[in-house]
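Remarks on the structure that follows.
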Amino acid sequence: MALMALGVNHQTAAIDIREKLVFDYQASVDKARWLVGQGLVTEAVILSTCNRTELYCEGETPSNLLELLIGQRNLAIELIRPCVYTHLGSEAVRHLMRVASGLDSMVLGEGEVLGQIKKAYTTAANAGTVGKYLGRLFQTTFAIAKQTRTNTGIGVNPISVAYAAAKLSQHIFSDLGKITVLLIGAGELNQLIAKYLVSMGVQEIMVANRTEPHAERLALSFGGKAFGLEKLPEYLGQADIVITGTASILPIVGKGMVERTLRQRKRKPIFMVDLGVPRNIEVEVGELEDIYLYCIDDLQNIVEENKRFRIDAATQAESIIKEAADQFMNWLDAQDSFKMLCAFREKFEQIRDQLLQESLHSLQLGETAETVLKHLAYRLTNRFLHEPTRRLRCASFEKEETLLFLIKDLFELNHETFYTK
């Protein structure tokens, strides 16, 4: 079988290239059906995300497959071609398994891509462009992705400051749906943290910012409350989690403000994350009971430790993937061997059936059974051995020792019937 993976990703192409190669799910179905329907490939799955567009296919693919894939998009092929990678056979298998396991992602070990692959596969399967080989490949890949994440923990620990802040909140509060978060600052970092917190189940988020319209824009994206920094003392007591990320050169949250807040909350603890440089929260706040204060260096240390953990986990995952890819290729080779064996038997069965019909016809014409059988045996032997004998003579003449010894072993020729030197 001829398996191929062809595509571009965040490592080979800038976003201005990738965005031109995006397929939505209907477009991916239409293109895969067209490729199969035209006989250009026998099976096809198209995976398209913000970080990659890839075609996984099986069959004797044409040399201009890239041009056929991107078709009618008014793209200069000479600009696209340097960004495209092609993996064949075992490399295609290994590539898909690495992608599904998060080893080929922008963030090492992220798990979102596995869901995207499953959706792309299901879409293609429902469209009828998945057969025996890609079906087996993708199902095996899903199992391996699960194994790598379970056995290595590659996706367990966060490796970005924003995600680490959100994840740390999840570790401290078992049910984020019951807590209130206050974000001080409406910059990109807090926007990303808000996105993570909402995905983790947070329902109540307040945003405080020096420029209140900026706070309102961020709060509007998840139905939160917004206010200016001057109202911070009024709302601080409502927050179970406080995350700051502003460019202020002076602390915004002081020890006195927090002490008054704790009295209002009747000593109910507050988890605080200060991502500001300079710091947005006075260092002395961390000395107060019922306050759990982390600064950006604390989170950075967590991130670096987690990166080392994920790199170690990735090494283990690569080993799992290599073994799985080898096993899949063994299965694939067995399918090729089976097809060759079927073709081998079919060829000689056709010869047998033809000669048998001719022999039966001779009997009907009155020839004796003994004569017909002798003639049949003679012709069967000649027809069966003609091509192997011709090839054996050539091999002997050309000193093709490997082939000669293979024939000797195949037909159990245990005595020297030809020369190999």
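Values quoted throughout were computed directly from the atomic coordinates according to the rules given, and no laboratory measurement underlies them. Keep in mind it's a predicted model, so treat the numbers as computed, not measured. Don't worry about glycine lacking a Cβ; one is built from the backbone with ideal geometry, like all the others, and counts go over all protein chains shown.
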I want to check the label-to-label distance for Val156 and Ala334. Put each point 7 Å from Cα in the C-beta direction and report it in nm to one decimal.
3.4
According to a simple spin-label model (label point 7 Å from Cα along Cα-to-Cβ), what is the distance in nm between Arg260 and Ala143?
6.4
Considering the options Leu341, Leu406, Cys394, tell which one lies farthest towards the positive end of the dipole of the stretch 340-410, charges being +1 on Lys and Arg and -1 on Asp and Glu at the Cβ, about the Cα centre.
Cys394
In degrees between 0 and 90, to the nearest 10, how far off the longest principal axis of the chain does helix 401-410 point, with axes built from Cα atoms?
80
Output the peptides 375-382, 279-286 sorted from most to least packed, where packing is the average of other Cβ atoms within 10 Å over each peptide's residues.
279-286, 375-382
Signed unit charges on C-beta, dipole axis of the chain, positive-most listed residue Pro158, Tyr292, Ile46
Ile46
Looking at the P(r) of the stretch 340-410, how many percent of alpha-carbon pairs lie beyond 19 Å?
51
Answer label for log10 I(q)/I(0) by the Debye sum over Cα atoms at q = 0.09, 0.11 Å⁻¹ (calculated), chosen among [x] -0.67, -0.91; [y] -0.54, -0.82; [z] -0.78, -0.98
[z]
Packing-based order for 212-219, 401-408, using average beta carbon neighbours within 10 Å, highest first:
212-219, 401-408
Amide H proximity to Ala226 below 5 Å, modelled H, separation 5+ or other chain, gives Val207
What relative contact order, as a whole-number percentage, does the stretch 253-406 give when Cα pairs under 8 Å and 6 or more residues apart are counted?
13
What number, in percent, do you get for the relative contact order of the chain if the mean sequence gap of Cα pairs under 8 Å and at least 6 apart is divided by its residue count?
12
Cβ-based exposure ranking for Val99, Val8, in which fewest neighbours within 10 Å come first:
Val8, Val99
Which listed residue (Ala127, Val99, Leu229) has the Cα farthest towards the positive end of the charge dipole for the chain, taking +1 on Lys and Arg C-beta and -1 on Asp and Glu C-beta about the Cα centre?
Ala127
So how strong a dipole does the stretch 241-399 carry about its Cα centre when Lys and Arg Cβ are +1 and Asp and Glu Cβ are -1, to the nearest 20 debye?
360
Size of charge dipole - the chain - debye, nearest 20, with Cβ of Lys, Arg +1 and Asp, Glu -1, no other charges
500
Taking loop as defined by DSSP and a crowding limit of 13 other beta carbons within 10 Å, which trypsin sites (Lys or Arg not before Pro) in the stretch 51-104 fit?
Arg73
Taking other Cβ within 10 Å of each residue's Cβ, how do Met200, Met257, Met340, Met272 sort, fewest first?
Met340, Met200, Met257, Met272
Quick one: among Phe222, Phe348, Phe23, which has the greatest mean-square fluctuation in a GNM of the chain with alpha-carbon springs under 10 angstrom?
Phe348
What percent does the relative contact order of the stretch 79-235 come to when contacts are Cα pairs within less than 8 Å and at least six residues apart?
14
Heads up, the stretch 161-302 by the C-alpha gyration tensor (a ≥ b ≥ c square roots of eigenvalues; a/c under 1.5 rounded, else a/b over b/c prolate, else oblate) looks rounded
Considering the chain as a Gaussian network with a 10 Å cut-off on Cα pairs, which listed residue, Val181, Val258, Val372, attains the greatest mean-square fluctuation?
Val372
Out of all DSSP beta bridges in the chain, what portion is antiparallel? Express it as a percent rounded to 5.
45
With a 10 Å radius around each residue's Cβ, average the other Cβ atoms per peptide and rank 116-123, 223-230, highest first.
116-123, 223-230
What are the semi-axes of the equivalent ellipsoid of the stretch 1-122, taken as the square roots of 5 times the eigenvalues of the Cα gyration tensor, listed largest first and rounded to whole Å?
20, 17, 14
Given only helices, namely DSSP H runs of n ≥ 4 each adding -39500 (n - 2.57), what is the per-residue ellipticity at 222 nm of the chain, to the nearest 500 deg cm²/dmol?
-18000 deg cm²/dmol
Which of the residue pairs Lys178/Lys255; Lys167/Lys266; Lys20/Lys307; Lys146/Lys268 have a Cα-Cα distance greater than 30 Å in the structure shown?
Lys20/Lys307; Lys146/Lys268
